[in-house]
Amino acid sequence: MLEHYLPAASTYASDIDGLVNLIFWIVGVWFVLCQVVFFYFIIKFRRKPGVKAQYITGEEKEQKRWISIPHALVLICDVFIVYGAVTVWVDIKQTLPEPEESTPVRVIGQQWAWTFVHAGPDGLLDTPDDIETVDELRIQVNHKYRYQLESEDVLHNFSIPVFRLKQDAIPGRVIEGWFEATQTGTFDVQCAEICGIGHGIMAARIVIEPAADHAAWMSENAPRTVLAATTP
Amino acid sequence: MAEHAGEAAHGHDGHHEMSFWSKYVFSTDHKIIGMQYMFTGMAMALIGGFMAYVFRMQLAFPGEAVPGFGGVSPADYNSLITNHGTIMIFWVAMPVLIAGFGNFLIPLMIGCDDMVFPKINRLSYQIFLLSAIVLIVSFFVQGGGFGGAWTAYPPLSAKAEYSLTPLGSTLWLVAVALEFVAFLLGGINFVTTTMNSRAPGMKMYDIPMVIWMIVVASILFMASVGPLIAGAVMLFMDQNVGTGFFDPGKGGDPILWQHLFWFFGHPEVYVVLLPAMGIVADIMTVFSRKKLFAYRTVLYTVFGTGVLSFTVWAHHQFIAGVDPRMAHIFTITTLLISVPIAEMCFVYIATLYGGSIQLSTPMLWALAFLAEFLIGGVTGIFLGASGADVYFHDTYFVLAHFHYTFFPIAIIGVFAGITYWFPKMFGRHLSEFWGKVHFWGTIVAFNCIFIPLFMLGAAGQHRRIYNYNHFPDLATPELQRLRVIATSALLVMLAFQAVFLINFFYSLFKGKKAEKNPYNANTLEWTAASPPPHGNWAELPRVYRGPYEYSHPDRDTDYWPQNEPN
């Protein structure tokens, strides 16, 4: 479904796409079934001269079965969907990677730009080698990142469609989450929560590159103060 | 009530000479107040429709001047989408479906002469009109109309330095709050009248489904709106007094507003859905000459939906920064609510079985309601499932989904009701031919608008963006083509509304005269004159049976009016 429109570029993108497909087939079957029966009835029971409608109360047990059996089936389908939804959700939003196996990145939304604070070569935030960029996030493919999402002013939403990632940014809070890219490329980063008249221009790009290229970019861009700061 | 009841008791029909002002403007007659709501709602729908035209043109042809409006700036765009949503929900769906049909139908269908509190009823409309005026004024004040989306999330809505609409956001909030007051007054009337003024003999299970649904909707509204009014007061103070209820810098929390808003906002969906479903139920039984399948089941389902609707609100906030564990509870409740709603659809389909279906204009609208609403229903499952919502949240998929629920409700359901009760309201018939032209033009165009928007949503297009050229992945020619298709279909659909308006106003004065009961329907409103006089009946009716005794085997005719002793 979704892969038809845009690539699935994170580890959990395929999980979400799988869930979407599961729901699509379950509700699709129900939808087609309902519409077929519905239109069949409309055509079959069109008014014909001299034919009186049937008198059916729907209050008797064997009549009610026509409602109660589908009712139970809908409930069973719901259980499957809930199971799928919860599994995917726990993985994306409730399971954070260990600090040792992941790199932090700070994402700050403000009217109307994204600021990304990359950890730099040492892999730690709030050290002198941090690299700050505006409207461009650079990451390494096949590597876990923990983002710390903040907002300077109003609500924003950190959204990367190819990752299937969305998370609101709230002033006064730091919200943590994670992602791991599975392919290289350059894609859109959106703000998906209305944030004022510049909401429509609050766009950024994410650049996903191989480890070597990413390391080269970091050493090129790490602030020159790094050496001075680390020497003593 | 007292004076009218007195007149009825003395055998008068309350039909005395009145000036234009007291008859049509300051009337306490439930029918006139219903019309006032309905016409005001229709006028607001024209404004809301015009807004949709302007912003859809901007999306299809970004940067070009829109005929009839001019260039669309980002501030204009935000204000247009915000007020389109606000108007269509609060000033179209609510007044027409609940207040319009509720006022017109409740006394007529339960067999009494007027609402229990006619003067409160009049006050309700007057406050509603005031709220509409305040909202319209807010577009023209300095800084322009409010542009923070109809959900008005703070801090954007709370601080002028963020929203850049210092007066617009306050007036918007005042208008919405006034509108709630109007509907609280209306709701009191609807529930009290239905519980206390039913015709002798009308038991609980003899009340027509549309009345039950309006009553349950009113109860849901009254029970859910309190927190939002409290929230509106806090937001007003944050805007104008400098408090910090929603300001984290002052110890407040912006998420609090979201809870208050959606605690109201989700039951609100059912507040407008139920009356539309009731209208559809009544029309389907009449034009298929069938008894409503399992009346009691439908009723319990409605109650079940009502109760459940208070437990699902946070599915709007899965990714809003609330504790992620909360999502599980709301995923479960949200999917549970699919069960009663699916059940209602099954019941309606079952009602058609064995019927004698006549595809008149009202019936076409009623059937279309079900066919289209099913799309809205099934696409909601994607959004209620937390894991899938991570992707779909705030995309055009959401937008298309709720238009597939709200359009059937506020437009299809309303057209079903207007075309069905038009003879009773105005004593004349609408043209069937032009009614069907309008129907097909609207339905086909509607689907051509929103199916492309589902696809755009699946492609990751997020909402409330005035120009997608800033997002390279969304600025592709394929996606732009979908936007142009949607906008073109919107133009077609709006053009077809002219057919309705002409048909409506022509028939109002020149239509074929209608008798008392043109459809051979059972419910009480069809025993009053068309249109019913002030006081409705010379002698109030008595009720002997339920509203859906069509095609009863013991009868020669295929209907059995509620008021006939045998």
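The values are calculated or read from the model by the stated rules, or taken from the named source; none is laboratory data. The model shown is predicted, which means the values in this text are computed figures rather than measured ones. Cβ placement follows ideal geometry from the backbone for every residue including glycine, while neighbour counts extend to all protein chains displayed. Remember, those area values only see protein heavy atoms, side chains included, never the ligands or the DNA or RNA. Shrake-Rupley method; radii C 1.70, N 1.55, O 1.52, S 1.80 Å.
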(message) Cross-link candidates for A:K61: which lysines have Cα within less than 21 Å, leaving aside residues fewer than 8 places away along the same chain?
(response) B:K290, B:K291
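Count, for each residue of B:94-103, the Cβ atoms from other chains sitting within 10 Å of its Cβ, then give me the mean as a whole number. Don't jump to the answer; show the numbers that get you there.
On the way: counts 0, 0, 0, 0, 0, 0, 0, 0, 0, 0.
The per-residue average across the peptide is 0.
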(request) Would you list, by chain and number, the lysines whose Cα falls below 20 Å from the Cα of B:K512, excluding same-chain residues fewer than 8 positions away? (result) B:K424, B:K436
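Net charge near A:V174, counting Lys/Arg +1 and Asp/Glu -1 over other residues with Cβ under 12 Å of its Cβ? Mind dumping the intermediate values first?
Details: positive: A:R106, A:R146, A:R173; negative: A:E150, A:E176.
Result for the local shell: +1.
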(request) Give the calculated FRET efficiency between B:L359 and B:E539 to the nearest 0.05, with a Förster radius of 45 Å applied to their Cβ-Cβ distance. (result) 0.80
(message) How large is log10 of I(q)/I(0) for region A:99-230 at q = 0.10, 0.14, 0.18 Å⁻¹ when the intensity is taken from the Debye formula with one equal scatterer per alpha-carbon?
(response) -0.30, -0.59, -0.97
(request) Please list the non-local residues whose amide H lies under 5 Å from the amide H of A:Q148, H modeled 1.01 Å from N, same-chain partners needing a gap of 5 or more. (result) A:V105, A:R106, A:V107
(message) From the protein chains alone at 1.4 Å, what is the descending order of accessible area for B:F183, B:F245, largest first?
(response) B:F245, B:F183
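Given a 1.4 angstrom probe, I'd like the percentage of the accessible area of the protein assembly as shown that is carbon and sulfur, rounded to a whole number.
On the way: 18980 of 28800 Å².
Roughly 66 percent, rounded to a whole number.
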(request) Determine the residues within region B:296-324 where the difference in accessible area between the chain on its own and the full set of protein chains amounts to at least 20 Å²; count protein heavy atoms only and use a 1.4 Å probe. (result) B:R296, B:T297, B:I319, B:A320, B:G321, B:P324
(request) Using only the Cα atoms, work out Rg/Rh for chain A, with Rh taken as the Kirkwood radius, to two decimals. (result) 1.21
(message) For a quick check: with amide H placed at 1.01 Å from N, whose amide H comes under 5 Å from B:K291's, ignoring anything fewer than 5 positions away on the same chain?
(response) A:I56, B:Y550
(request) For every other residue with a beta carbon closer than 14 angstrom to the beta carbon of B:V280, add +1 if it is Lys or Arg and -1 if Asp or Glu, then tell me the sum. (result) -1
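Among B:356-368, B:192-204, how do they line up from the highest to the lowest mean number of other beta-carbon atoms within 10 Å?
On the way: B:356-368: 22.3, B:192-204: 17.3.
For the peptides B:356-368, B:192-204, the packing ranking is B:356-368, B:192-204.
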(request) Would you mind checking the radius of gyration and Dmax of region B:28-207 based on alpha-carbon positions, in Å? (result) 19.2, 64
(message) Can you sort B:M42, B:M425 by solvent-accessible area, 1.4 Å probe, largest first?
(response) B:M42, B:M425
(request) Please average, across the residues of A:151-163, the number of beta carbons from any other chain that are within 10 Å of each residue's own beta carbon, and give a whole number. (result) 5
(request) Name the residues whose placed amide hydrogens come within less than 5 Å of the amide hydrogen of B:L156, ignoring near sequence neighbours (fewer than 5 apart) on the same chain. (result) A:L155
(message) Give me the 1.4 Å probe accessible area per residue for the protein assembly as shown, excluding ligands and nucleic acids, in Å².
(response) 36 Å²
(message) Just to check I understand the Karplus step: with θ = phi - 60° and J = 6.51 cos²θ - 1.76 cosθ + 1.60, what whole-Hz values come out for region B:524-533, glycine and proline as x?
(response) 5, 4, 7, 9, 8, 5, 10, x, x, x
(message) Can you tell me which aspartates and glutamates have their Cα less than 19 Å from the Cα of A:K93? Leave out same-chain residues fewer than eight positions away.
(response) A:D15, A:D17, A:E101, A:E150, A:D168, A:E176, A:E180, A:E193, B:D323, B:D389, B:D394
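What is the gain in length, in nm to one decimal, between A:A216 and A:W25 on full extension, counting 0.36 nm per residue of separation less the C-alpha to C-alpha distance? Walk me through the intermediate numbers first.
Values: separation 191, 0.36 × 191 = 68.76 nm, distance 4.56 nm.
Gain on stretching A:A216 to A:W25: 64.2 nm.
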(request) At 25 °C and 0.890 mPa s, grab the translational diffusion coefficient of region B:196-348 from Stokes-Einstein with a Kirkwood Rh over Cα pairs, rounded to a whole number in µm² per second. (result) 140 µm²/s
(message) I need the P(r) histogram for the protein assembly as shown: all alpha carbon pairs, bin width 10 Å from 0 out to the longest distance, whole percents.
(response) 3, 13, 23, 25, 18, 11, 5, 2, 1, 0, 0
(message) On a full-extension model of 0.36 nm per residue, what is the gain between A:M1 and A:V90, subtracting their alpha-carbon distance, rounded to one decimal in nm?
(response) 29.8 nm
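Output needed for chain B: three equivalent-ellipsoid semi-axes, defined as square roots of 5 times the C-alpha gyration tensor eigenvalues, in descending order, whole Å. Intermediate results must be reported in sequence, preceding the final value.
Working: eigenvalues 304, 135, 115 Å².
That gives 39, 26, 24 Å for the three semi-axes.
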(message) Just to be sure I understand: if you take the accessible area of chain B alone plus chain A alone and subtract the pair, with a 1.4 Å probe, what total do you get in Å², rounded to 100?
(response) 7700 Å²
(request) Calculate one ³J(HN,Hα) per residue across region B:295-305 by plugging θ = phi - 60° into the Karplus curve 6.51 cos²θ - 1.76 cosθ + 1.60, and present them in order as whole Hz with x for glycine and proline. (result) 3, 5, 4, 4, 4, 5, 4, 4, 4, x, 4
(request) Rank these residues by their accessible area, most exposed first, probe 1.4 Å: A:W66, B:W21, B:W560, B:W172. (result) A:W66, B:W21, B:W560, B:W172
(message) Sequence gap at least 6, Cα distance under 8 Å: using those rules, report the relative contact order of chain B to the nearest whole percent.
(response) 17 percent
(request) Report the net charge of residues surrounding B:A232, where surrounding means a beta-carbon distance below 11 angstrom and charges are Lys +1, Arg +1, Asp -1, Glu -1. (result) -2
(request) Estimate the FRET efficiency between A:L125 and A:S68 by the formula 1/(1 + (r/R0)^6), using the beta-carbon distance for r and 51 Å for R0, to the nearest 0.05. (result) 0.35
(request) Please turn the phi angles of region B:250-263 into ³J(HN,Hα) values with the Karplus equation 6.51 cos²θ - 1.76 cosθ + 1.60 (θ = phi - 60°), one per residue in order, whole Hz, x for glycine and proline. (result) 10, x, x, 8, x, 5, 3, 4, 4, 5, 5, 5, 7, 4
(request) Partner chain Cβ atoms within 10 Å, averaged over the residues of B:285-292 - can you pull that number for me? (result) 4
(message) Sorted from largest to smallest, which semi-axis lengths in Å does the alpha carbon gyration tensor of region A:60-113 give for its equivalent ellipsoid, taking the root of 5 times each eigenvalue?
(response) 47, 17, 5
